[in-house]
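A.B. asks: Shown below is the structure under consideration.
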């Protein structure tokens, strides 16, 4: 528990990935956590994972966390407030304007309610995928409405800190426009690329490399869950997708005309350059400016403990690994690992790894 904090007990309604991860994080801080879900089996699994005890109406807590799909938030909030389930309330849906507007229409007490959204997740869903460290260092948006009391805002800020998140306060409409750009539209775009693979031949799929895996990774998310998210932020997502569609249509037309010898390929080059510039603006480690790292490539055997050994060597020579990617070599018991490190650490790490028997190609 945070020293001097006021939160000692929390009820989490919705024991999925996010709800159970919040519960696990709070249990690690010594709080009393209660769980509720419309599916009793989900609560049982979350309890077995150590996420808390089952909640029953009549038990009042300091904070209630509503971890249900966007369209269900307001009704769930109303039910909890009727039961006087907590002193303060928040939700963690990835859309904020819709729940806030619906809660006001239903007559919820908006003085005790602070909408929020932890920007963290995984492709897997359900309590079995939950992690207590899911929110460490991650942005956590707070979108208090005009009626939210200072005490409510301060309490939810404390909740975010207990989970290890970095609170960012902004307007609900601004939040929804932001996540349309950085989360919701990218998911649809990734699904559009991945959909091209559904009818691809086995030969085509056999040529798949890391590029297509990177682009389509988030397309593995639950379609039902994402339909609910997208429908709650439909207007903002549509605007972004329309802009993407314009870029793609121009690129396609340019490539078609270039293939016929009718025009240069400049519009495609321009899009690639703008893509480079946009990618470079994504904040880097600790939220600061993006850093340029060098990559050390290592060929490893497909054996237990190989990655752990790599990290041990890096630790021994004092090299911090900023990022890691692993690609298996088709048909062989080998993998290619790419370790992103500070430029000045490349020679030190490469020499150390070679000294321990690994094959480290010289930089291109």
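The values are calculated or read from the model by the stated rules, or taken from the named source; none is laboratory data. Keep in mind that this is a model prediction, so the values were computed, not measured. Backbone-built Cβ (ideal geometry, glycine too); neighbour counts: all protein chains shown.
A.B. asks: I'm trying to understand the selection: among the residues of the range 1-15, which are closer than 17 Å to residue 80 by Cβ and either at pLDDT below 95 or touching a strand residue (DSSP E or B) at 6+ places or on another chain (Cβ under 6 Å) (or both)?
C.D. replies: Scanning the range 1-15 gives 7, 9, 10, 11, 12, 13, 15.
A.B. asks: Just to be sure, is residue 278 out of contact with any strand residue (DSSP E or B) (no Cβ under 9 Å at 6 or more places or on another chain) and surrounded by fewer than 14 Cβ atoms within 10 Å (Cβ to Cβ)?
C.D. replies: yes
Conditions (1) in contact with a strand residue (DSSP E or B) (Cβ under 6 Å, 6 or more places away or on another chain); (2) in the same structural domain as residue 208 (by TED's automatic domain parsing); (3) surrounded by 17 or more Cβ atoms within 10 Å (Cβ to Cβ); (4) modelled with pLDDT of 85 or more, marked per residue:
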site: 309; (1), (2), (3), (4): no, no, no, yes
site: 318; (1), (2), (3), (4): no, no, no, yes
site: 325; (1), (2), (3), (4): yes, no, no, no
site: 331; (1), (2), (3), (4): no, no, no, no
site: 335; (1), (2), (3), (4): yes, no, yes, no
site: 342; (1), (2), (3), (4): no, no, no, yes
site: 346; (1), (2), (3), (4): yes, no, yes, yes
site: 349; (1), (2), (3), (4): yes, no, yes, yes
site: 361; (1), (2), (3), (4): yes, no, no, no
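A.B. asks: From the list 255, 310, 241, which residue is in contact (Cβ under 8 Å) with a residue 12 or more places away in the chain and closer than 26 Å to residue 94 by Cβ?
C.D. replies: 241
Residue-wise test of (1) more than 19 Å from the chain's Cα centre (by Cα); (2) modelled with pLDDT of 95 or more; (3) outside any helix (DSSP H, G or I); (4) assigned by TED's automatic domain parsing to the domain that holds residue 120.
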residue: 157; (1), (2), (3), (4): yes, yes, no, yes
residue: 160; (1), (2), (3), (4): no, yes, no, yes
residue: 185; (1), (2), (3), (4): no, yes, no, no
residue: 191; (1), (2), (3), (4): no, yes, no, no
residue: 203; (1), (2), (3), (4): yes, no, no, no
residue: 212; (1), (2), (3), (4): yes, no, no, no
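A.B. asks: Filter the range 127-147 down to the residues that are crowded, with 22+ Cβ neighbours inside 10 Å and either in a loop (DSSP other than H, G, I, E, B) or not assigned by TED's automatic domain parsing to the domain that holds residue 31 (or both) and list them by number.
C.D. replies: 130, 134, 135, 143, 144
A.B. asks: Just name the residue that is surrounded by the most Cβ atoms within 10 Å (Cβ to Cβ) out of those in the range 227-238 that are touching a helix residue (DSSP H, G or I) at 6+ places or on another chain (Cβ under 7 Å) and part of a helix (DSSP H, G or I).
C.D. replies: 237
A.B. asks: Being in contact with a helix residue (DSSP H, G or I) (Cβ under 8 Å, 6 or more places away or on another chain), more than 27 Å from residue 136 (Cβ to Cβ) and at pLDDT 95 or above is true for just one of 110, 35. Which residue is that?
C.D. replies: 110
A.B. asks: Okay, moving on. For residue 96, indicate whether it is farther than 18 Å from residue 140 by Cα and touching a strand residue (DSSP E or B) at 6+ places or on another chain (Cβ under 8 Å).
C.D. replies: No; evaluated as a whole, the condition is false for this residue.
A.B. asks: Taking the options 178, 195, 200, 189, name whichever one is surrounded by 16 or more Cβ atoms within 10 Å (Cβ to Cβ), out of contact with any strand residue (DSSP E or B) (no Cβ under 9 Å at 6 or more places or on another chain) and farther than 30 Å from residue 9 by Cβ.
C.D. replies: Of 178, 195, 200, 189, the one residue that is surrounded by 16 or more Cβ atoms within 10 Å (Cβ to Cβ), out of contact with any strand residue (DSSP E or B) (no Cβ under 9 Å at 6 or more places or on another chain) and farther than 30 Å from residue 9 by Cβ is 189.
A.B. asks: Okay, moving on. Does residue 265 satisfy the criteria of being modelled with pLDDT under 95 and touching a helix residue (DSSP H, G or I) at 6+ places or on another chain (Cβ under 8 Å)?
C.D. replies: Yes: the conditions hold for residue 265.
A.B. asks: Restricting attention to the range 111-131, does a residue exist that is farther than 25 Å from residue 8 by Cα and over 20 Å from the mean Cα position of the chain (by Cα)?
C.D. replies: Checked against the condition, which is being farther than 25 Å from residue 8 by Cα and over 20 Å from the mean Cα position of the chain (by Cα), the range 111-131 yields no hits at all.
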